[in-house]
1. Does the range 95-115 hold any residues that are open to solvent by less than 70 Å² (accessible area, probe 1.4 Å) and either touching a Phe, Trp or Tyr at 6+ places or on another chain (Cβ under 6 Å) or not aliphatic (A, V, I, L, M) (or both), and which are they?
2. Applying the selection to the range 16-34, what residues are in contact with a Gly (Cβ under 7 Å, 6 or more places away or on another chain) and either farther than 23 Å from residue 151 by Cβ or in contact (Cβ under 8 Å) with a residue 60 or more places away in the chain (or both)?
3. Just checking, does the range 72-94 include any residue being without any contact (Cβ under 8 Å) to a residue 60 or more places away in the chain, open to solvent by 50 Å² or more (accessible area, probe 1.4 Å) and in a strand (DSSP E or B)?
4. So which residues in the range 29-61 are touching an Asp or Glu at 6+ places or on another chain (Cβ under 7 Å) and either open to solvent by 40 Å² or more (accessible area, probe 1.4 Å) or within 20 Å of residue 106 (Cα to Cα) (or both)?
5. Among the residues in the range 132-152, are any in a strand (DSSP E or B), open to solvent by 10 Å² or more (accessible area, probe 1.4 Å), aliphatic (A, V, I, L, M) and in contact (Cβ under 8 Å) with a residue 24 or more places away in the chain?
6. Can you find a residue that is touching a helix residue (DSSP H, G or I) at 6+ places or on another chain (Cβ under 6 Å), under 21 Å from residue 149 (Cα atoms) and not polar (S, T, N, Q) anywhere in the range 112-121?
7. Would you confirm whether or not the range 37-50 contains a residue that is under 18 Å from residue 135 (Cα atoms), part of a helix (DSSP H, G or I) and in contact with a Cys (Cβ under 7 Å, 6 or more places away or on another chain)?
8. For the range 116-141, which positions are within 16 Å of residue 29 (Cα to Cα), out of contact with any Phe, Trp or Tyr (no Cβ under 9 Å at 6 or more places or on another chain) and not β-branched (Val, Ile, Thr)?
Amino acid sequence: MLRVDHGVVTGTFSLDGQTFDVDNNIWVVGDDDECVVIDAPHDVEAILAVVGERQVRAIICTHAHDDHVRVAPGLRDRTGAPILLHPAEWPLWELTHGDGVWWNIDLADGARIEVGGSVLEVLHTPGHAPGAVCLHVPDLNCVFTGDTLFNGGPGATGRSFSDAGLIVESIREKLFALPDATVVHTGHGEDTTIEAERSRMG
């Protein structure tokens, strides 16, 4: 049966010459046999502890800030799973990994990723980062929003490659089109719902 498994790992986020301590959510979606990992924050072993004995089919990156992709290549080495990232994230990916390391598969709006007999639907939601994506799982009535939408409103903007107007547009057009009861699993912090965040933003 398809399920969501969760962990939290601590590390740092660096951009524009500043570094912050952050706690990142680890999200793993799958059944007893296979799964996908959403983002690769800080610590390969912590992610693998959530995965367990399952086969990892993909490492799906919601965006390429270093606290979400830093250990993606190491996780790929351990699992053999491809890294999936929207191509507009190249400038941010390059800040962490340089020219010599690439992801494997480009994400695009409307793409469908199959795992455990179900599907994750890719929603391109630029604003926090140019290639930011969210992952809607209708069978679980949830969406994984990375740093696009939090419990409390839109993700941060004001740093390189971000756009405050665009993130609000993305949320209203893509995320607020989902059913009210959809559970929002965020990149940092607590869950919320589409209904709660729509009410908050007005």
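The values are calculated or read from the model by the stated rules, or taken from the named source; none is laboratory data. Because the structure is predicted, anything quoted here is derived from the model rather than measured. Virtual Cβ from ideal backbone geometry, glycine too; neighbours counted across all protein chains shown. For the accessible areas, the whole protein counts, side chains as well, though only heavy atoms, and no ligand, DNA or RNA atoms are used. Shrake-Rupley method; radii C 1.70, N 1.55, O 1.52, S 1.80 Å.
1. Once the filter is applied, which keeps residues that are open to solvent by less than 70 Å² (accessible area, probe 1.4 Å) and either touching a Phe, Trp or Tyr at 6+ places or on another chain (Cβ under 6 Å) or not aliphatic (A, V, I, L, M) (or both), the range 95-115 yields 96, 97, 98, 103, 110.
2. Scanning the range 16-34 gives 22, 24, 25, 30, 31, 34.
3. no
4. Listed by number, the residues that qualify are 41, 55, 57, 61.
5. Checked the range 132-152: no residue is in a strand (DSSP E or B), open to solvent by 10 Å² or more (accessible area, probe 1.4 Å), aliphatic (A, V, I, L, M) and in contact (Cβ under 8 Å) with a residue 24 or more places away in the chain.
6. There is no residue in the range 112-121 that is touching a helix residue (DSSP H, G or I) at 6+ places or on another chain (Cβ under 6 Å), under 21 Å from residue 149 (Cα atoms) and not polar (S, T, N, Q).
7. No; the residues of the range 37-50 include none that is under 18 Å from residue 135 (Cα atoms), part of a helix (DSSP H, G or I) and in contact with a Cys (Cβ under 7 Å, 6 or more places away or on another chain).
8. 116, 117, 118, 121, 138, 139, 140, 141 - these are the residues of the range 116-141 that are within 16 Å of residue 29 (Cα to Cα), out of contact with any Phe, Trp or Tyr (no Cβ under 9 Å at 6 or more places or on another chain) and not β-branched (Val, Ile, Thr).
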